Amino acid sequence: MGIATTSDGAGVAVVTIDFPPVNALPVQGWFDLGEALRAAGRDPNTHVVVLRAEGRGFCAGVDIKEIQRADGHHALIGANRGCADAFAGVYDCAVPVVVAVQGFCLGGGIGLVGNADIVIAADDATFGLPEVDRGALGAATHLSRLVPQHLMRALYYTAGTVDAHTLHQHGSVYRVVPRADLDQTALAVAAQIAAKDTRIIRRAKEAINGIDPQDVHRSYRFEQGFTFELNLAGVSDEHRQAFVDSLAR
């Protein structure tokens, strides 16, 4: 359980998220994920990374129960910084990151997927940001990399979800496959990249990031500032606690 990295010996590193039951990551889990991605990219034997998850869904975002159990705001601050660190780990990884998504991809999961280079999705995958229902803001930066602006706004304000087939139509999901074929498909795409000259692919990743029209790091941290404002006003705690209470019923 946690974050694990394996290698196939042919240039493909696989980073796996495993936090049962729904892959809601604790604070340390986000930092561990960011470091695992950066470490994989630093390894000269790694040509490409596949980011995947165990369980019925890819990622349910932050562990809200952990935040509510903690005294003060240190867990909230840790979660915000941890998410920023993990999202940056995907974006700044020195090699391309192929992400394999099954089931639900929510909250922080959108941050990971939106910063990835290639998205492979199972045909049961859904994507969304429930942030406004949890008293938080964030990852509109990353959702806007997956869908057009007005759809992003509609999904953000309604806390709605969109399926993998819709994202495929928008071009943000590369392939949609049966769930049983998800890992195999992601690894096959990764193998195509791994077969290239890694010196060129690494420069290609750097170059593509360099011409990105959006500074994803600054944009996301700007969003997070409004989450802190809601916390200072007591709004966020009210909604987080209501969510935790609903799980106990």
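Quick note: the coordinates plus some simple rules give every number you see, no bench work behind them. What you see is a predicted model, and the numbers here were worked out from it, not measured in a lab. When we count neighbours, we look across all protein chains shown, and the Cβ atoms used for this are built from the backbone with ideal geometry, even at glycine.
Remarks
- Val101 long-range amide H proximity, modeled H, under 5 Å: Ile120, Ala121, Ala122
- Whether the chain is rounded, prolate or oblate, judged on the alpha carbon gyration tensor where a/c under 1.5 counts as rounded: prolate
- Residue order, fewest to most beta carbons within 10 Å, for Val62, Val162: Val162, Val62
- A convex hull fitted to the Cα coordinates of the stretch 107-249 yields 131 cubic angstrom per residue.
- Mean residue ellipticity (222 nm) of the chain, computed from DSSP H runs ≥ 4 via -39,500 (n - 2.57), nearest 500: -15500 deg cm²/dmol
- Taking the average, over residues, of other Cβ atoms within 10 Å as the packing measure, peptides 204-211, 76-83 rank 76-83, 204-211 from highest down.
- P(r), alpha carbons of the stretch 1-88 - 5 Å bins starting at zero, rounded %: 3, 16, 24, 22, 17, 10, 5, 3, 1, 0
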